[in-house]
Amino acid sequence: MLTMRNVSALLVVCFVAGLARAQDQATSSGVPVRIVVTVEGQKDHAPPNLAPNDVLVYLENERMRVTDWTPVQNDRTGLELWLLIDDGTDTALGTQLEDLRRFVLEQRSTTQVGIGYLRNGTVQVQQKPTTDHALAAKTIRLPVGQPGISASPYLALTDLIQKWPKAGQVREVLMITSGVDPDNGPGPSNPYLDHTIELAQREGVVVHSIYFSSAGHFGHSLWQINWGQNYLSQLAEETGGELFWLGTSNPVSFAPYLNELNQHFGGQHILTFWAQGDPGYRRVKLKTEVPHVALVGPSKVYVSSGR
């Protein structure tokens, strides 16, 4: 006959075995999710190096398991970056073109840079992504400066992302635009913007913007300017990017913004975690207990069915 001690030991073994089986089943039902995370330290300081166990990931307030944490700037992955200029931007942008060319030339040798212009709801490609940065820089030109010619910068960005092949690199965009949407108009609801954000989150594309005023009436309409900047801010926040702006005025120089963006590139990592639960868009939160450090990433991720 079993003694009480033997019965207790048997129950413990059964409990541990059951727990292990439950964990195995949970792992097998999960899927890996990969996102780009920017580590931000104190201003004007290089971001600190974090270990994988310094990064905490939550989906809908439930903690997920981190499986990989790799710097973007490495020989294995690298960055593919599109510089997009709104053709409806005021031609005063000409004073900033040298800063943009210098920014392209400063990119790492492994970074592929593409140059395009937002026009009629699409991207007019000046230069396909290339590691020949001098060639890419030469294709940067003055915008046409025709009011409303972009149709909608968000439709154009959607068009680019849909045609952008996945090749293993991290994919990011820097848009020079006012954010004003002539097709949809101003207001709290913009379906073009919403669709662009969801697509960027699903495809893992990070979107940064620099505000520069539109040509014509859109460039001095406070109502249009306000909503354009709100749209750009939402686009950056929800994809893990950054919006650079100087109130309703055009910046004197892009150089400080571009230097800060280069610093962000140096602090970016590819975070892979094991996601469990129902497929679809899920809200994600990133945390770290390392002091004076912030983790910036998308507000939502798309979890596939794993099939």
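The values are calculated or read from the model by the stated rules, or taken from the named source; none is laboratory data. Here the structure is a predicted model, which means the values were calculated and not measured. A quick note on method: Cβ atoms are made from the backbone with ideal geometry, for glycine too, and the neighbour counts reach across all protein chains shown. Ligands, DNA and RNA are excluded from the accessible area calculation, which covers all protein heavy atoms including side chains. Shrake-Rupley method; radii C 1.70, N 1.55, O 1.52, S 1.80 Å.
Under the simplified labelling scheme, the ALA167-SER305 pair shows an inter-label distance of 3.2 nm, with each label point 7 Å from Cα along Cα→Cβ. Along the axis of the charge dipole computed for the chain (Cβ charges of +1 for Lys and Arg, -1 for Asp and Glu, origin at the Cα centre), the listed residues SER221, VAL123, PRO165 are led at the positive end by PRO165. Sorted on the mean count of surrounding Cβ atoms within 10 Å across their residues, most packed first, peptides 86-92, 180-186 read 86-92, 180-186. Once the Cα atoms are used to define both axes, helix 4-29 deviates from the longest principal axis of the chain by about 20 degrees.
Across region 119-134, computed HN-Hα scalar couplings (Karplus, 6.51 cos²θ - 1.76 cosθ + 1.60, θ = phi - 60°) run 8, 6, x, 9, 10, 7, 7, 8, 8, 5, x, 8, 8, 7, 5, 5 Hz from first to last residue, x flagging Gly and Pro. Taking one quarter of the surface of the convex hull spanned by the alpha-carbon atoms of region 138-280 gives a direction-averaged projected area of 10.3 nm². Helix 191-203 against the longest principal axis of the chain: what's the angle in degrees, Cα atoms only, rounded to the nearest 10? It is inclined by approximately 50 degrees.
Per the Cα gyration tensor, region 203-307 maps to an equivalent ellipsoid with semi-axes of 31, 19, 11 Å, ordered largest to smallest. Here's how it looks for MET175: its modeled amide H is under 5 Å from those of LEU84, HIS208, SER209, ILE210, which are all 5 or more places away or on a different chain. Between ASN226 and HIS292, the modelled label-to-label distance comes to 3.8 nm, taking each label 7 Å out from Cα in the direction of the beta carbon.
The count of lysine pairs in the chain whose Cα atoms are under 17 Å apart, excluding pairs fewer than 8 places apart on the same chain, comes to 5. Using a probe radius of 1.4 angstrom, the carbon and sulfur fraction of the accessible surface of the chain is 52%. Could you give the angle, 0 to 90 degrees to the nearest 10, between helix 222-239's Cα long axis and the longest principal axis of the Cα atoms of the chain? Relative to the chain, helix 222-239 is tipped by roughly 30 degrees. For the set SER233, SER305, SER299, solvent exposure ranked by accessible area (probe 1.4 Å, protein chains only) runs largest to smallest as SER305, SER233, SER299.
Placing +1 on the Cβ of every Lys and Arg and -1 on the Cβ of every Asp and Glu, with no other charges, gives the chain a dipole of roughly 900 debye about its Cα centre. At a probe radius of 1.4 angstrom, the accessible area of region 48-98 per residue rounds to 46 square angstrom. Sorted largest first, the spans of the alpha carbon positions of region 181-243 along the three principal axes are 35, 21, 16 Å. Taking label positions 7 Å along the Cα-Cβ direction at both ALA134 and LYS285, the computed distance is 5.1 nm, reported to one decimal. Judged by the mean number of other Cβ atoms found within 10 Å, the most tightly packed of the peptides 113-120, 100-107, 245-252 leads the ranking 113-120, 100-107, 245-252. A straight chain from GLU106 to GLN42 at 0.36 nm per residue would run longer than the Cα-Cα distance by 20.8 nm.
The charge dipole of region 145-301, taken about its Cα centre with unit charges on the Cβ of Lys, Arg, Asp and Glu (plus for the first two, minus for the last two), comes to roughly 280 debye. The H on the amide N of VAL55, modeled in the peptide plane, is under 5 Å from the matching H of no residue at least 5 residues off or on a different chain.
Farthest towards the positive end of the charge dipole of the chain, among the residues VAL104, THR91, ILE197, is the Cα of ILE197, using unit charges on the Cβ of Lys, Arg, Asp and Glu.
Computed extension gain for GLN126 through ARG63, at 0.36 nm per residue and net of the alpha carbon distance, reaches 18.3 nm. Note on the chain: the alpha carbon radius of gyration divided by the globular reference 2.2 N^0.38 Å gives 1.17.
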